[in-house]
Structure formats: structure tokens, C-alpha cells
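All of the numbers you see were taken from the coordinates with simple rules; none came from a lab. Quantities reported herein were computed from a predicted structural model and do not represent experimental measurements. Positions of Cβ are generated from backbone atoms using ideal geometry, with glycine treated the same way; all protein chains shown enter the neighbour counts.
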Amino acid sequence: MKQRPQRLQVGDTVGIIAPASPISRERLSMALPVLERLGLRYVLADSVVEGDAHYLAKSDEQRVDELHAMFKNPDIKAIICARGGYGTGRLLDKIDYPVIEDHPKIFWGYSDITALHTVFNEYANLVTFHGDMLGDAARGDFSDISERMFLQLMQPWELHYDETRSPLETVAPGVARGELTGGNLTLLTSTIGSKYEVDTRGKILLLEDIEESPLRVDRMLNQLRLARKLDEVAGIVIGDFKYSKPLAAEDGTFDAVFDDYFKHLGVPVVKGFNIGHCEPHFALPLGVDALLNADEKTLTVLPGVE
């Protein structure tokens with residue numbers, strides 16, 4: 001059973017890191033009031049306030065050092081990622097996983113951060129949280145619903161998702177219980193063939209992505225299939241697949257792709273969850289037990305904090 005981190009208390013200090021791409025000072029200043037409204041203090045890693053201008057916030061070495069420092073600092077009670085983008089995959093063979101396991105605390109982010117969720121779940125035995133980056137709070141469409149999802153860090157909530165939150169559709173029927181894993185499809189496929197690839201055996205697999213066409217999603221799902229990552233999965237939760245470009249007839253549809261891979265897989269599969277690059281964004285813990293009921297179109301997830 002994976003370690004659940006301790007819940008946050010009003011007045012606690014959280015560490016803000018940029019393990020992937022940099023965030024602008026303007027966007028950061030617009031986002032920090034979210035933490036203040038929660039009654040939390042914060043400490044910013046150097047890569048957050050002094051990020052480089054290119055696609056990596058700082059060097060691999062500095063980003064790893066900051067990650068280790070935040071976990072080892074006893075005054076830091078949670079770590080929230082400022083932004084995704086690109087870069088966390090470059091850190092996986094540089095992380096000291098016993099440091100993470102010996103200093104369990106809340107770790108929150110999504111998108112490119114999926115690479116860290118996977119390895120922290122597997123190599124540090126730690127429950128982590130798939131939720132909005134801090135920088136997302138600077139968006140004009142950031143909702144009260146998304147902001148309230150941070151409250152699960154302050155008390156152990158059992159999360160429940162049904163059609164009162166968004167229209168859901170059963171791709172394949174059935175009921176499954178298992179540990180929740182997954183996240184961004186691009187990041188999950190990027191580690192296939194390495195020691196850091198996702199373990200899907202007996203688990204409920206969450207999938208989401210952004211700006212990937214049906215053709216590219218097909219290619220990535222086929223890679224998961226060939227790597228036998230779909231063979232022993234317990235169930236599949238399909239989150240948001242945002243694609244802003246208009247699709248031509250020859251582009252195919254996401255629905256057809258999901259049917260091809262999941263309709264006859266023999267496990268429950270439900271699509272339509274507001275999980276991923278969407279607004280509102282339903283944040284949830286990874287590494288805890290979940291119950292997916294495709295017949296009733298519900299997902300129930302155990303609390304992520306103690």
C-alpha cells in the first residue's frame with residue numbers, strides 16, 4: 001500500500017517548483033493568490049523566479065536539486081508544480097528515489113508532470129495528485145470548481161464523479177476496482193521500453209492529452225497495446241482530449257479510436273471525464289484505490305491524504 005502524505009493545515013508552507021518549462025513572473029503573480037486564499041504560505045524555487053527563456057526552466061541538475069531540496073526540507077509540507085510543458089522525463093534517471101520515499105509529502109501537478117507521478121508511485125511508494133498546475137490559476141477561465149479541488153489536500157475526501165459533473169459515456173460495460181494510475185498519454189508512451197514505464201497490471205488507467213489528433217492518439221494507444229500495457233489493465237478512465245483544430249473527415253474521430261482499442265478489451269471503460277487540459281479540471285490522487293462502474297457511469301476514488 002502506497003504512503004498517503006499528511007494533509008495540509010492552514011498556515012503550512014508549500015514549495016513551488018518548475019521541474020519542466022518556465023513560468024512568467026506575470027502569470028505567477030496572478031496565480032499565487034489561490035494559495036493565499038487557502039491560508040497557505042509558499043516558498044519559490046529559484047527556477048520558478050529565475051527561469052531560463054527557452055523550454056526548460058533550468059538545467060536538469062538544478063531542477064533535480066530543487067526537487068530533492070523541497071522534499072528534504074521539513075518546513076515544506078507540500079510541493080506544487082508551477083507549470084508543465086516539457087522536461088520532467090529528462091530527470092527520471094537523476095532522481096534519488098529513497099529521498100522521496102523517506103520524506104513523503106503532497107506532490108501536485110499534471111500534463112508533463114505525469115512522468116514524475118509514475119516514478120514516485122512506483123519507486124518512492126508515494127501517493128501523488130493529478131491536478132491543475134499553479135500557473136493554471138492565472139487563466140481567465142479558471143473556475144471556482146477547479147480551485148476547490150485543492151481542498152482535498154486539507155482533509156481526506158473520498159472523491160466521486162458522476163454525470164452531474166459532465167456527460168459520460170460507457171465504451172465498455174462492467175465494474176472494476178484497482179489502484180488509479182496514468183495521466184498524460186504522450187508522457188506515458190514516452191517511457192515505454194525503459195525501467196520507468198507505467199505499470200498497468202490490475203490498475204485503473206487514466207488517460208488524457210491535448211492537441212493530439214485522432215491519428216496520433218491511435219499511434220500512442222497502439223504503442224501501449226504492443227507493449228502489452230492494455231493486457232492486464234482493470235479498467236480505463238478517459239479524460240479530456242482537447243484538440244482545437246477542426247477535424248477533416250480523413251482525420252477520423254476520437255470516438256472511433258477509443259472504440260477500436262477499448263470496446264472489446266473486456267474491462268470497463270468510460271469516457272467524458274473533465275480530467276486533464278480542460279476547465280473545470282477534476283483533480284484526483286494517483287496511487288490510491290478507485291472504483292469504476294461503467295454500468296452506472298461513476299468513478300469513486302479514496303482520499304489521497306492522511
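Reported value for the chain: 124 Å³ per residue, from the convex hull of its C-alpha atoms.
From helices alone, the chain scores -7000 deg cm²/dmol at 222 nm; the rule is -39500 (n - 2.57) for each run of n ≥ 4 DSSP H residues, then divide by the residue total.
Give me the angle, in degrees from 0 to 90, between the Cα long axis of helix 214-226 and the longest principal axis of the Cα atoms of the chain, rounded to the nearest 10. Result, in degrees: 90.
The alpha carbon centroids of the range 66-93 and the range 243-276 are separated by 32 Å. Taking amide H positions as modeled 1.01 Å from N, with prolines and chain starts lacking one, the residues under 5 Å from L126 and 5 or more places away or on another chain are Q3, N121. In the elastic network of the chain, a GNM with C-alpha springs shorter than 10 Å, the most mobile of I16, I145, I204 is I145.
Projected onto the charge dipole of the chain (+1 at Lys/Arg Cβ, -1 at Asp/Glu Cβ, origin at the Cα centre), which of G304, V198, A31 gives the Cα projection farthest towards the positive end? Going by the charge dipole, the pick is G304. Among the listed pairs K2/K263; K58/K105; K2/K203; K271/K297; K195/K263, a Cα-Cα separation exceeding 20 Å is found for K2/K263; K58/K105; K195/K263. Converting phi to 3J(HN,Hα) with the Karplus coefficients 6.51, -1.76 and 1.60 and the offset θ = phi - 60°, the range 118-127 yields 4, 6, 5, 4, 8, 9, 10, 6, 10, 5 Hz in sequence order, with x at every glycine or proline. For the peptides 86-96, 126-136, the ranking by mean Cβ contacts within 10 Å, running from highest to lowest, is 126-136, 86-96. Pairing the Cα long axis of helix 60-72 with the longest principal axis of the chain, what angle in degrees results, from 0 to 90 and rounded to the nearest 10? The angle comes out near 80 degrees. Partner aspartates and glutamates whose Cα lies under 12 Å from the Cα of K242, excluding those fewer than 8 positions away in the same chain, are identified as E208, D209, E211, E212, E279. Residues of the range 185-208 falling in the label zone of D141, defined by backbone nitrogen less than 18 Å from a point 7 Å along Cα to beta-carbon, are 208. Pairwise inverse Cα distances across the range 117-246, averaged and inverted, put the Kirkwood hydrodynamic radius at 16.6 Å. If a paramagnetic tag sat 7 Å from the Cα of D52 along the Cα-Cβ line, which residues of the range 88-112 would have the backbone N under 20 Å from that point? Output list for this probe position: 88-95, 112. Model label points for S24 and H160, set 7 angstrom from Cα along the Cα-to-Cβ axis, are 4.2 nm apart.
In the chain, the DSSP beta bridges split such that about 40 percent are antiparallel, to the nearest 5. In this Cβ point-charge picture (+1 for Lys and Arg, -1 for Asp and Glu), the chain has a dipole of about 340 debye about its Cα centre.
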